[in-house]
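A quick write-up on the structure given underneath.
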Number of protein chains: 2
Amino acid sequence: MCQLLGMNCNVPTDICFSFTGFQQRGGGTDHHKDGWGIAFFEGRGVRQFLDSKASIHSPVAEFIKAYPIHSTNVVAHIRRATQGAVKLENTHPFMRELWGHYWIFAHNGNIPDFQPYLDGSFLPVGSTDSELAFCWILQEFKKRFGNVMPEKTVLFDTLAELATEAGRHGEFNFLFSNGDVLFAHCSMKLTYIVRKAPFPMARLKDRDVTVDFTTVTTSQDRVAIIATAPLTDNETWEVIDPGTLLLFQDGQVQDVRKTIVGHKVTTMNVP
Amino acid sequence: MCQLLGMNCNVPTDICFSFTGFQQRGGGTDHHKDGWGIAFFEGRGVRQFLDSKASIHSPVAEFIKAYPIHSTNVVAHIRRATQGAVKLENTHPFMRELWGHYWIFAHNGNIPDFQPYLDGSFLPVGSTDSELAFCWILQEFKKRFGNVMPEKTVLFDTLAELATEAGRHGEFNFLFSNGDVLFAHCSMKLTYIVRKAPFPMARLKDRDVTVDFTTVTTSQDRVAIIATAPLTDNETWEVIDPGTLLLFQDGQVQDVRKTIVGHKVTTMNVP
């Protein structure tokens, strides 16, 4: 399967520390070596970096680790292919535009028999179940709300309903953002931490790196990090209940909805 | 205004040499310092790198210059803002999906009073005339051809018609690709060169750099480079007639259509 990393903050923050650990899981400390990607919102714009190489061997990943890009919403993914060959077009996160906003989506899990009807509003470019589900979610948003984006609570209710529907077909953990809010769905496995003053010293699990956040933050800063598995070994991460959709905004959980617990589906490895 | 750079080849080729010269024009040898971007097709996927910094001062541009990404279709742009503030969301090239393919668009010129009706299929995220025109082109494609991409010659005829319509409102030089073909429209100013065996030594205009292409190519390779102004000073570049749309595929011009000669419109500088 794959691993997810997300960040949602109240002030633009760089993700270099968390990404340093996360990158190791793409072929170093773990086996998710079939490509990786990361997308940063900057205002309404997005910088998306994708590579079909393992993150541990990717020059682009090395660049991202060392170059601080400040953002309030970040979604990253390291891939272990289940459906869809190891190719750039199958690399998460995926991006589309709806209502004059970019939307970013990354999925961990496998929903092999989810074959919704697509009307052509949004079509997958690659061959993953993940991009298909993303296109379907945006299509359903558009179908229900026409050309005007509804309030975030309405979007949130709708997304919970859609996550329940897709989640019946397998494991459907995902991160989903429009640059304003970040939705995190735990189907089977997802954790998060909210860092705020007094900021801790944090030590990565996957590399021997420690950071003292007090030296790089103000007392007003609030940063939520969401990850498939905790990235540090000296902090307490919240384990999200399976079957839960969270809405993060300004670096904290603002709303919670129950969905369906994802079925565990046997994964197929693509050659 | 801005400058365009495109590449279309019959085998995946890197653009490091041309980009090295082009980068200089973003705040070095020329004044296009309001951001830059580049998009590379790799199969059906796209790697897009955007920065609202001047290319001459952009760490991402330094990375791109040194890291050879092989592609058969590349579109790059350096921006001097006319409409739309200096922000990431106003940085070209723009990307959307239609018919399960990504489409990439970059514009040089200014069409300030072009205000077509948008039905919501594709909406601009930023505030440039360029992204608006791109969304309108894709909308018209979809309106005419529904959910199935037509043959490239049909697309080409349609695009010539749309370029004529938008071109009535000002200067509308653009590069536009779906990863299979690259369309280049000269409204007022655009040049190109096709390099093939026997490959030349080429010397950049904007930096003291020379390359011997015979050392990095085979006799079958063919590479078309399209640029607002020639990038080398020891080769003969074709100056495209104003009011011409070209279709590049496999590193050569495959088709030509006449459009309207773009009006010269006084540009407005955004603070």
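Values for this structure:
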item	result
In segment A:42-73, the residues that are more than 9 Å from chain B (Cβ to nearest Cβ), outside any loop (DSSP other than H, G, I, E, B), within 25 Å of A:Gly109 (Cα to Cα) and open to solvent by 10 Å² or more (accessible area, probe 1.4 Å)	A:Ile56, A:His57
Flag for A:Pro198 being in a loop (DSSP other than H, G, I, E, B) and within 17 Å of the chain's Cα centre (by Cα)	no
Pairs with Cβ under 7 Å, 6+ apart, first in segment A:206-235 and more than 23 Å from A:Asp30 (Cα to Cα), second of a type outside the set (Asp, Glu) and assigned to a loop (DSSP other than H, G, I, E, B)	A:Phe213/A:Phe199; A:Phe213/A:Pro200; A:Thr214/A:Phe199; A:Thr217/A:Phe199; A:Ser219/A:Ala197; A:Arg222/A:Gly251; A:Val223/A:Gly251; A:Ala224/A:Gly251
Residue satisfying all of: in segment B:164-190; open to solvent by 10 Å² or more (accessible area, probe 1.4 Å) and polar (S, T, N, Q); nearest to the chain's Cα centre (by Cα) among these	B:Asn178
Criterion violated by B:Phe114 - all others in (1) within 12 Å of chain A (Cβ to nearest Cβ); (2) of a type in the set (Phe, Trp, Tyr); (3) in a loop (DSSP other than H, G, I, E, B) satisfied	(1)
Among (1) in contact with a helix residue (DSSP H, G or I) (Cβ under 9 Å, 6 or more places away or on another chain); (2) open to solvent by less than 30 Å² (accessible area, probe 1.4 Å); (3) small (Gly, Ala, Ser); (4) away from chain A (no Cβ under 14 Å) - the single one B:Ala197 does not satisfy	(2)
Within segment B:74-99, tally of residues that are touching an Asp or Glu at 6+ places or on another chain (Cβ under 9 Å), away from chain A (no Cβ under 13 Å) and either part of a helix (DSSP H, G or I) or not β-branched (Val, Ile, Thr) (or both)	3
Residue in segment B:205-214 that is assigned to a loop (DSSP other than H, G, I, E, B), more than 14 Å from every other protein chain (Cβ to nearest Cβ) and closer than 25 Å to B:Val86 by Cα present	yes
Residues of segment A:117-132 classified as within 12 Å of another protein chain (Cβ to nearest Cβ) and either modelled with pLDDT under 95 or crowded, with 18+ Cβ neighbours inside 10 Å (or both), total	9
Conditions (1) more than 10 Å from chain B (Cβ to nearest Cβ); (2) open to solvent by 10 Å² or more (accessible area, probe 1.4 Å); number of the one not met by A:Ala39	(2)
Filter result (open to solvent by less than 10 Å² (accessible area, probe 1.4 Å) and within 12 Å of another protein chain (Cβ to nearest Cβ)) within segment B:100-111	B:Gly100, B:Trp103
From B:Phe141, B:Phe114, residue being open to solvent by less than 20 Å² (accessible area, probe 1.4 Å), more than 27 Å from B:Gly43 (Cβ to Cβ), out of contact with any strand residue (DSSP E or B) (no Cβ under 6 Å at 6 or more places or on another chain) and among the aromatic types (Phe, Trp, Tyr)	B:Phe114
Condition check for A:Val148: surrounded by 24 or more Cβ atoms within 10 Å (Cβ to Cβ) and either assigned to a strand (DSSP E or B) or at the interface with chain B (Cβ under 10 Å from one of its Cβ atoms) (or both)	no
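The values are calculated or read from the model by the stated rules, or taken from the named source; none is laboratory data. Because the structure is predicted, anything quoted here is derived from the model rather than measured. Counting neighbours? That spans all protein chains shown, and the Cβs are built from the backbone with ideal geometry, glycine included. Note: accessible area is taken over every heavy atom of the protein model, side chains too, but ligands, DNA and RNA are not part of it. Shrake-Rupley method; radii C 1.70, N 1.55, O 1.52, S 1.80 Å.
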